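The values are calculated or read from the model by the stated rules, or taken from the named source; none is laboratory data. Values in this document were obtained by computation on a predicted structure and should not be read as measured data. Ideal geometry is used to build each Cβ from the backbone, glycine not excepted, and the neighbour counts take in all protein chains shown.
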């Protein structure tokens, strides 16, 4: 009985410590993330994107808000092309490092707002709607005509998508918006 009680106490302390550290990390990055939480892109959505778009033609693919790196890993695995990712949530960044440890794609613990995307020919994101207008302005001023922008779940305001990919296997039928710079995007 005494051993069981010790196991319960130590187990409870371990859970409390993990939640406490997690809370500290969220608090520490709140000013940089604006409170955005790490929400991984569903695997079925990644499969649909990778099946619908031929990434072998791209030379500079960026994943902004890379999360755990599953998009990066899937694109490299399927097409052999490297993806450069940006993540500022330390927990998601660590998960991405683990996901990518055998891959050549890389994720940086860096704020993508500070990066110049003028060399990118494909940008992928799964960000919250409150960032999309500002993101559209940034990409509009930095990407060349013909570059592809892929946004899971949330459209970029005032942009007209080239097409919408749907992950029909999800319970939400989540849309993935695909844009081609210069084709349906506003004048920058």
Report task. Evaluate the following for residue 144: is it assigned to a loop (DSSP other than H, G, I, E, B), in contact with a strand residue (DSSP E or B) (Cβ under 7 Å, 6 or more places away or on another chain), closer than 22 Å to residue 54 by Cα and in contact (Cβ under 8 Å) with a residue 24 or more places away in the chain? Result -> no
**Report entry** Residue satisfying all of: in the stretch 110-129; touching a strand residue (DSSP E or B) at 6+ places or on another chain (Cβ under 6 Å) and in contact (Cβ under 8 Å) with a residue 60 or more places away in the chain; nearest to residue 39 (Cα to Cα) among these
**Finding:** 126
Report task. Output the residue which, of all residues in the stretch 58-68 that are modelled with pLDDT of 95 or more and outside any strand (DSSP E or B), is surrounded by the most Cβ atoms within 10 Å (Cβ to Cβ). Result -> 58
Query raised in the report: Regarding residue 95, is this residue in the same structural domain as residue 158 (by TED's automatic domain parsing) and either touching a helix residue (DSSP H, G or I) at 6+ places or on another chain (Cβ under 6 Å) or closer than 10 Å to residue 64 by Cβ (or both)?
Result: no
**Report entry** Breaking point among (1) under 25 Å from residue 92 (Cα atoms); (2) in a loop (DSSP other than H, G, I, E, B); (3) free of Cβ contacts under 8 Å to residues at least 40 places away in the same chain, for residue 177
**Finding:** (2)
Query raised in the report: Which residues, counting only those in the stretch 87-109, are surrounded by fewer than 21 Cβ atoms within 10 Å (Cβ to Cβ) and touching a strand residue (DSSP E or B) at 6+ places or on another chain (Cβ under 8 Å)?
Result: 88, 90, 97, 106, 108, 109
Report summary line: With criteria (1) touching a helix residue (DSSP H, G or I) at 6+ places or on another chain (Cβ under 7 Å); (2) surrounded by 15 or more Cβ atoms within 10 Å (Cβ to Cβ), residue 118 comes up short on (2)
Query - One residue from 108, 132, 181, 148 being modelled with pLDDT of 90 or more and under 12 Å from residue 63 (Cβ atoms) - result: 108
